[in-house]
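Comments concern the structure below.
The values are calculated or read from the model by the stated rules, or taken from the named source; none is laboratory data. Quick caveat: nothing in here was measured; it's all calculated off a predicted structure. Using ideal geometry, Cβ is built from the backbone for each residue, glycine included, and neighbour counts are taken over all protein chains shown.
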Amino acid sequence: MIHSSSFWINHYQENATQQRVDWEIQPNITSEEKENILYSLKAWQLGETSEGKHLLAAATKHAKKIGDENYIAAIKLFIKEEQKHGNNLGKYIDAIGEKRTKSDWGDTIFRKLRYFNTSMELWTITVIIVEYAAQVFYQSLHDATDCKLLKSICNDIIIDEAHHIKFQNERLFTIFHSKSLYNKIFSVTWYCLLFLGTIHAVWFGHGKALKAGGVNKKEFMRQMYYKFFNSIKFIHQSDKMATPMVAMS
């Protein structure tokens, strides 16, 4: 079932009331654990702090085109939830006596590319792929240390990401089903190319932290392919699924 934008607004508002991280817990991380994950922890924290201006601009353009103003509010709440992740990771970095990073090559490339992206479709598939990588990364980060505070931060993010992916998959479904057959073929080709480029970049940048959490390259690729093809399978389902969203938006 494809949910309405109003449904997602309600979801994000309710989820914002959930407090899953206990900041009374003191961070407890060894020097070895820190050495394995610190670079990636800082890089992902930076990536989670985006203001989301370009995504919001694309979402606004898309919402006006399809007559769904509520989608703009849903995207704003989605961005706010991502920023919560960045804030929590930042507080943790502060708590272990480290400085937050102000630049990272992966984040820099992503930020430069999005300046030129006004397509909601491209935004959506990109976010889906990155969210899938985040699921694997934060689970690895969770497993890489015995720090209860870091584990609770990762658990909170992992719970949120599952809903983020569903939210984005549903949007990609509706965009995909508005296309002609040949445009669908073209789109899937670009989805796959973007996926391949992204997963290799993530492994190159964060393989050390992933391995610290028990995920080697083969396992990372296996999980990412499985997740990605679930999205491709989802958007190829019958377009009758889109009817509830149109009625409820």
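With respect to Thr30, is the statement that it is of a type outside the set (Asp, Glu) and within 20 Å of the chain's Cα centre (by Cα) true?
Values: of a type outside the set (Asp, Glu): yes; within 20 Å of the chain's Cα centre (by Cα): no.
No: the conditions fail for Thr30.
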Exercise. Among the residues of segment 91-106, is there at least one that is under 22 Å from Leu141 (Cβ atoms) and within 15 Å of the chain's Cα centre (by Cα)?
Worked result: yes
Problem set entry | Qualifying positions in segment 70-84 - farther than 15 Å from Asp160 by Cβ and surrounded by fewer than 23 Cβ atoms within 10 Å (Cβ to Cβ) | Asn70, Ile72, Ala73, Lys76
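Condition (residue is under 18 Å from the mean Cα position of the chain (by Cα) and charged (D, E, K, R)) applied to segment 38-47: is it met by at least one residue? Explain how you work it out, then say what you get.
Residues of segment 38-47 under 18 Å from the mean Cα position of the chain (by Cα): 40-47.
Subset that is charged (D, E, K, R): 42.
Within segment 38-47, one or more residues are under 18 Å from the mean Cα position of the chain (by Cα) and charged (D, E, K, R).
So which residues in segment 175-229 are in a loop (DSSP other than H, G, I, E, B), in contact (Cβ under 8 Å) with a residue 12 or more places away in the chain and not aliphatic (A, V, I, L, M), if there are any at all? Lay out the reasoning, then the answer.
Step one: list which residues in segment 175-229 are in a loop (DSSP other than H, G, I, E, B), which gives 177-180, 213-216.
Narrowing the set further to residues that are in contact (Cβ under 8 Å) with a residue 12 or more places away in the chain leaves 177, 213-215.
Listed by number, the residues that qualify are His177, Gly213, Gly214.
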For this session: Go over the candidates Phe220, Phe229, Phe195 one by one and state the one that is surrounded by 15 or more Cβ atoms within 10 Å (Cβ to Cβ), modelled with pLDDT of 95 or more, over 27 Å from Glu32 (Cβ atoms) and under 19 Å from the mean Cα position of the chain (by Cα).
Result: Phe195
Exercise. Which of the helices (runs of 4 or more DSSP H) contained wholly in segment 1-107 include at least 3 residues that are over 20 Å from Leu122 (Cα atoms) and either hydrophobic (A, V, I, L, M, F, W, C) or in contact with a Cys (Cβ under 6 Å, 6 or more places away or on another chain) (or both)?
Worked result: 5-15, 31-47, 70-95
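Tell me the residue from Lys34, Lys53 that is among the basic types (Lys, Arg) and either farther than 30 Å from Val215 by Cα or at pLDDT below 95 (or both), please.
Details: Lys34 fails: either farther than 30 Å from Val215 by Cα or at pLDDT below 95 (or both).
On inspection, the qualifying residue turns out to be Lys53.
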Exercise. Looking at (1) surrounded by 19 or more Cβ atoms within 10 Å (Cβ to Cβ); (2) in contact with a Pro (Cβ under 9 Å, 6 or more places away or on another chain), which is the only condition Thr124 fails?
Worked result: (2)
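Against the definition (in contact with a Phe, Trp or Tyr (Cβ under 6 Å, 6 or more places away or on another chain) and either modelled with pLDDT of 95 or more or part of a helix (DSSP H, G or I) (or both)), how does Ile158 come out, yes or no? Outline the logic, then answer.
Numbers: in contact with a Phe, Trp or Tyr (Cβ under 6 Å, 6 or more places away or on another chain): yes; either modelled with pLDDT of 95 or more or part of a helix (DSSP H, G or I) (or both): yes.
Yes.
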For this session: For Thr17, work out the one condition from (1) of a type outside the set (D, E, K, R); (2) without any contact (Cβ under 8 Å) to a residue 12 or more places away in the chain; (3) buried (at least 18 other Cβ atoms within 10 Å of the Cβ) it doesn't fulfil.
Result: (3)
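Could we say that Asp68 is more than 23 Å from Ser4 (Cα to Cα) and modelled with pLDDT of 95 or more here?
Details: more than 23 Å from Ser4 (Cα to Cα): no; modelled with pLDDT of 95 or more: yes.
So Asp68 fails the test.
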For this session: Mind telling me which of the residues Lys179, Lys166 ends up being surrounded by fewer than 22 Cβ atoms within 10 Å (Cβ to Cβ) and farther than 22 Å from Ser6 by Cβ?
Result: Lys179
